[in-house]
1. I want to confirm something. Restricting to the range 1-35 and keeping residues that are acidic (D, E) and over 14 Å from V66 (Cα atoms), which single residue is surrounded by the fewest Cβ atoms within 10 Å (Cβ to Cβ)?
2. Given the conditions (1) without any contact (Cβ under 8 Å) to a residue 40 or more places away in the chain; (2) touching a helix residue (DSSP H, G or I) at 6+ places or on another chain (Cβ under 6 Å); (3) in the same structural domain as R280 (by TED's automatic domain parsing), which single one is not true for A228?
3. Among the residues of the range 106-115, which ones are out of contact with any strand residue (DSSP E or B) (no Cβ under 8 Å at 6 or more places or on another chain) and either surrounded by 18 or more Cβ atoms within 10 Å (Cβ to Cβ) or modelled with pLDDT of 95 or more (or both)?
4. Could you tell me which of the residues A338, A358, A372 is within 29 Å of I126 (Cα to Cα), among the small types (G, A, S) and in contact (Cβ under 8 Å) with a residue 60 or more places away in the chain?
5. For the range 124-145: of the residues being charged (D, E, K, R) and not in a helix (DSSP H, G or I), which is farthest from H373 (Cα to Cα)?
6. Filter the range 183-218 for residues that are crowded, with 16+ Cβ neighbours inside 10 Å, of a type in the set (G, A, S) and out of contact with any Leu (no Cβ under 6 Å at 6 or more places or on another chain) and give the result.
7. Filtering the range 322-340 down to residues that are in a loop (DSSP other than H, G, I, E, B) and among the charged types (D, E, K, R), which residue is farthest from A307 (Cα to Cα)?
8. Taking the residues in the range 257-289 that are within 16 Å of the chain's Cα centre (by Cα) and not in a loop (DSSP other than H, G, I, E, B) as candidates, determine which candidate is surrounded by the most Cβ atoms within 10 Å (Cβ to Cβ).
Amino acid sequence: MRDRIFYDLSEFVAHPLRTGIQRVSFEILRHWKFSPQLAPGFISLRRKQPMLLPEAFRPLMERLFVGDGDSGKSIARKIISCARRARLITSQEIRGFSGFLNPELFLDARRAEFYRVLAEERSAEIHWVVYDALPWLSPDTFPKGAVEGTMHYLKTMRVIPNLHFISASCREDFCERILRCRLPTYRVCPLGADGLGRAAPSFDPRKRGFSCVGTIEPRKNHKVILEAFEALWSEGVDARLTFIGRMGWDSRQLGDHLKKLAQRESRFGWYDDLDDARLRDAILASRATIYASEREGFGLPPLESLALGIPVIVSSRLPSISNIATGGQIRIEDITPASIVAAVKGMLDDGVAERKYAELQSLDVPIWQEMAHSLRDAMSAR
């Protein structure tokens, strides 16, 4: 009986971080409560064969995201150690898998080769979650050389018939501008908003802080947000700003500035690595969150904020908000320091803020269980 699906976590096993993509990998595994069950593993780059992770892996992955008081780096080391105890999957076991699910973007050519060989006989059973086309359509938003490193992934996509795009705009970009085709098996499978839990909106006029969640890199527009708050502070506006995210590429100069700013400005704070419990607390302590990125395949943090009952200042171009009502949001057409200043001043008005909180009472957002069900249904269809 083919009662298991090989769940490929090769990138996570090699680099256990709390990135957006790795958040998706975790949430799918956490909410997969049905049969066929997911069997977490990875592709051995030396052998070009799949390895099965031991049972101890799942609780370690959960500890990394949910948190238990241990540091993220300490748990990451334990995950890497756990992966060393993985065992090679036999040819007979490979034939016994009912499907193969890859929730990651990857760069390694040997992993791509594994899927191309597998697709020669079992392409209908291979499913990939696809995130965005930004490396190819907006190469300026990534480090030099990043595009060349993803070409093996892109080439292999063409032989995978079951692609699950995280947003409709992501599917459109790939189908119309890159793959130049449209297949009925290309589904849209939105991410869930409830990874940090749900909370009823409750306005507290004493809260005057704004938090910004996301990797600190140019396309996330942290510099623009900072310029807006420095202008507000120069006007004497009492508002706190907190950045929550690790340092990304091409941001060393900004990072140095943030460290110095955190030392001299009591209204600014920066946390580079928070587990879910502490991240949830930071968001709930905010009057609103800010997400200023204009180029994303999805953009999850605003939805997580809304699910926790906290309004958000967000770019109107973000795919994640395109299919939900506007309640609890200040949507900005063009992200500039001036537009963010205006939005923050709006949210600092108690009357405006109270209305935004009230709007959240009736706002529906997608949940992770729906994504897991969508993937399961697709993989069970014959």
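The values are calculated or read from the model by the stated rules, or taken from the named source; none is laboratory data. Bear in mind that the values here come from a model prediction, so they are computed numbers and not experimental data. Note that each Cβ is placed from the backbone with ideal geometry, even for glycine, and that neighbours are counted across all protein chains shown.
1. Looking only at the range 1-35, we keep the residues that are acidic (D, E), and these are 3, 8, 11, 27.
Okay, now just the ones that are also over 14 Å from V66 (Cα atoms), so 3, 8, 11.
Values: D3: 11, D8: 26, E11: 23.
The residue in question is D3.
2. The one condition A228 does not meet is (1).
3. If the condition is that a residue be out of contact with any strand residue (DSSP E or B) (no Cβ under 8 Å at 6 or more places or on another chain) and either surrounded by 18 or more Cβ atoms within 10 Å (Cβ to Cβ) or modelled with pLDDT of 95 or more (or both), then F106, A112 are the ones that fit.
4. Values: A338 fails: within 29 Å of I126 (Cα to Cα); A358 fails: within 29 Å of I126 (Cα to Cα).
Answer to the check: A372.
5. The initial filter retains those residues of the range 124-145 that are charged (D, E, K, R), namely 125, 132, 140, 144.
This time we only want the ones that are not in a helix (DSSP H, G or I), so: 132, 144.
Working: D132: 22, K144: 38 Å.
Per the criteria, the residue is K144.
6. G192, G195, G209, S211, G214
7. D334
8. L279
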